[in-house]
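Coordinate-derived values only; no laboratory data. All values reported here derive from a predicted model rather than from experimental measurement. Heads up, the Cβs are rebuilt from the backbone with ideal geometry, glycines too, and the neighbour counts pull from every protein chain shown.
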Amino acid sequence: MEKAYAVWRAFQEKILARAAALLLIGCTLIALLEVVRRYAFGHSFEWQQDAVTFFIVSAVFLYFGISQRHGEHLNVTVLLEALSAAGPRGRVAVEAIKLFALVVSFLFLLLVVWWGLPEVLESRHYATRTESLAFPMWPFLAALLLGFAFMAVTMLFQIWFEIQKLRGRSVPEEAPVLDRMPD
Amino acid sequence: MHIVGIIVLVLLVLSVPIGIALSAASAAYILIDPLLEPVVIFKAFFSFIGRYSLMAIPLFIYAGFLMERTGLVAQLFRFADALVGWLPGGFGVATVLACVLFGAISGSSVAMAAAMSVIAIPEMTKRGYPAWFAGGLVATAGGIAMLIPPSIILILYGIVTETSIVALFFAGVIPGLLLALGNALSVIVIAWILKLPRGTFEGRRLWVEFGRSAPALGMPVVILGGLYGGLFTPTEAAAAACGYALLYGLVMERGKFIAGLVPTACRALNLTAVVLFLVGSVGVFQFLAANLYWPQKITEAVTGWGLTPLGFLFAYMGVLMLLGMFVDGIAMVLLTVPVAFPVAYALKIDPVHLAIMVTLAVEMSVVTPPVGLNLFAVSGTAKIPITQVMRGSVPFFLSDFLVLMLVIFFPVLATWLPSVLVKTVFQ
């Protein structure tokens, strides 16, 4: 399982993260170009807003699973902190609660993927497009579906590691990335 | 409504990610309602996030991180020290001013508190400032950035309530400066009591440091000037901020800066993913709430209690303060504003005024234990015990509280600037 996790981690870091970063950089440049074009040449791309919106959100969707791996998604930790301070039994309870939270989240995400799949297929079938009609909608919907699916896969690994922790075994730890709260 | 509320609460207490708790509780209701299909969860999530105005968030975050990479915080700090370091407790006042300046360039309050911990705290302790005082000041002043535009909390509020983000940006300026003034006065009083040393004023040094900081200080001028002049929408202002940061970074660091573009984008995306996951989930919750007329029902119930606008504001601020002890700022805004806003609107509370009060409450929550993120950021980075940072933040928390009271009683502090500079509140 640890080997599979290493492969998954490498996939996220080397492929998904870089692809998402390039999308963000590209969209930033498109948005900039639009401002310059409008004021310098009096023209604008009718597809610019759609491109910036949907490519950036796709990059963000791909990042859902990576943020999950770093344990960044916001949650309320008051109970966990109270139990952590209550000695060894409390710490076991903390791991059990974390496991429960992961299982609930994993099952919910699976359901959302299941419910969302027909929507993506329907969008493709009926060739729905973005507001400017420049882009088909289904690839962006598919990116959201993939984002949820990747987050679920990450959770599956985390569930496995939580079980190992409860069995008293050591597991690989992911450091959180700072900057959780923007201004 | 009660069932959904109970499910959300149980899942939150059990540490389920807040976004999933909201969506899962909505899903539980949707599954038992024969008129709603579960696919609406997927649709509502997508359509709530897929808005051009929301793209200001990743772009402002990216711009802030790009600027942070250039060593800008240290430079702004040197400029602030040259400008106000001669005052009693001058180094502390310079820390507050540097937080305001960096807040106007964006960045994260936690990252800023951490960066200031590295730059300002060692220098303050070297000059005889007690560790508790230095730590508490940096932890609290780090939150000022939330009021100074560009503010992601204000963008989120604007999107959830459909209030003009430009108006909200301008509304944050005066309360943000009041926060800084309150913190600076607290520093001066404490420094006077503790007899802390002050620096000397040197015109030449100020001129040199201003010259070095001027290119970075041009960024808020571009952002606010572009918004005021109607040249940019908030999203375009964010893109312009990125362009400015790219240009600044290329000039300052050249190849090293280009090599860092992708990792910096990854950091920005990591933070954006956390924010937008929660925003999308709030979209699902709002969809359900709107379909079942919950805002109207809640508004009727609350107005039926006979609360005055002021009574409601105090109650809401109390809830936010309490919530701030357990959840962080983004969650505070996204969890409470969709419920509180219709009530506030029915009570004829100005949406812009409400936004600033909410943001002030969120700003104060960064130093309220046990979740106050800035307390941990400063304690971890500067190696000061958390209890000392908490102790040090008390006087600054009180001055922030005073500003909140002023803004509650004098809405004009929040509404005057946008009323002069921006014409339409609802766009």
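Below is a table of values for the structure above.
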| item | result |
| --- | --- |
| Residue-count net charge about B:Pro369 - beta-carbon cut-off 14 Å; Lys, Arg +1, Asp, Glu -1 | -1 |
| For A:Arg129, distant residues with modelled amide H under 5 Å away | A:Met137 |
| Sparsely packed chymotrypsin sites (Phe, Trp or Tyr not before Pro) within the range A:116-179, loop by DSSP, other Cβ within 10 Å at most 10 | A:Tyr126 |
| Gaussian network model of chain B, springs between alpha carbon atoms under 10 Å - residue of B:Gly380, B:Gly203, B:Gly324 with greatest fluctuation | B:Gly203 |
| Sorted largest first, extent of the protein assembly as shown alpha carbons per principal axis (Å) | 71, 67, 60 |
| Charge context of B:Val39, other residues only, Cβ under 12 angstrom, K/R +1, D/E -1 | -2 |
| The range A:2-170 - charge dipole about Cα centre, Lys and Arg +1 at Cβ, Asp and Glu -1, debye rounded to 20 | 680 |
| For the protein assembly as shown, with +1 on Lys and Arg beta carbons and -1 on Asp and Glu, the positive-most of B:Val366, B:Ala24, B:Phe46 along the dipole | B:Val366 |
| Residue (of A:Trp138, A:Thr28, A:Phe100) at the positive-pole extreme of chain A, dipole from beta-carbon charges | A:Phe100 |
| Ellipsoid equivalent to chain B - semi-axes via the Cα gyration tensor, in Å | 37, 24, 21 |
| Listed residue pairs exceeding 23 Å between alpha carbons, taken from B:Lys297/B:Lys348; B:Lys43/B:Lys348; A:Lys14/B:Lys256; B:Lys126/B:Lys383; A:Lys14/B:Lys43 | B:Lys43/B:Lys348; A:Lys14/B:Lys43 |
| Within chain A, longest stretch free of exposed GluC sites (Glu not before Pro) [DSSP loop, at most 13 other beta carbons within 10 Å] | A:47-172 |
| Proxy reagent accessibility, fewest Cβ within 10 Å first, across B:Val84, B:Val319 | B:Val319, B:Val84 |
| Local net charge near B:Phe79, Cβ-Cβ under 10 Å (Lys/Arg +1, Asp/Glu -1) | +1 |
| In the range B:264-366, trypsin sites (Lys or Arg not before Pro) in a DSSP loop with at most 10 other beta-carbon atoms within 10 Å | B:Lys348 |
| Nearest-20 debye value, chain B charge dipole, Cβ charges on Lys, Arg, Asp, Glu | 980 |
| Residue order, fewest to most surrounding Cβ atoms within 10 angstrom, among B:Tyr52, A:Tyr39 | A:Tyr39, B:Tyr52 |
| Karplus-derived 3J(HN,Hα), 6.51/-1.76/1.60, for each residue of the range B:227-243, Hz, glycine and proline x | 5, 5, x, x, 6, 10, 7, x, 5, 5, 4, 5, 5, 5, 4, 4, x |
| Percentage relative contact order, chain A, counting C-alpha pairs under 8 Å, at least six apart | 28 |
| Order of B:Leu231, B:Leu87 under a 10 Å beta carbon neighbour criterion, fewest first | B:Leu231, B:Leu87 |
| Sparse-neighbourhood loop sites, chymotrypsin sites (Phe, Trp or Tyr not before Pro) in the range B:354-427 - DSSP loop, at most 16 other Cβ within 10 angstrom | B:Phe426 |
| Among B:Gly135, B:Ile356, B:Trp86 the positive-end extreme of the charge dipole of chain B (Cβ point charges) | B:Trp86 |
| Among B:Pro197, B:Pro351, B:Pro175: highest mean-square fluctuation, GNM of chain B, C-alpha pairs under 10 Å | B:Pro197 |
| Dipole moment magnitude, nearest 20 debye, the protein assembly as shown about Cα centre, only Lys, Arg, Asp, Glu C-beta charged | 1280 |
| Percentage relative contact order, chain B, counting C-alpha pairs under 8 Å, at least six apart | 27 |
| Helix A:138-166 axis, angle to chain A major axis (alpha carbon atoms, nearest 10°) | 10 |
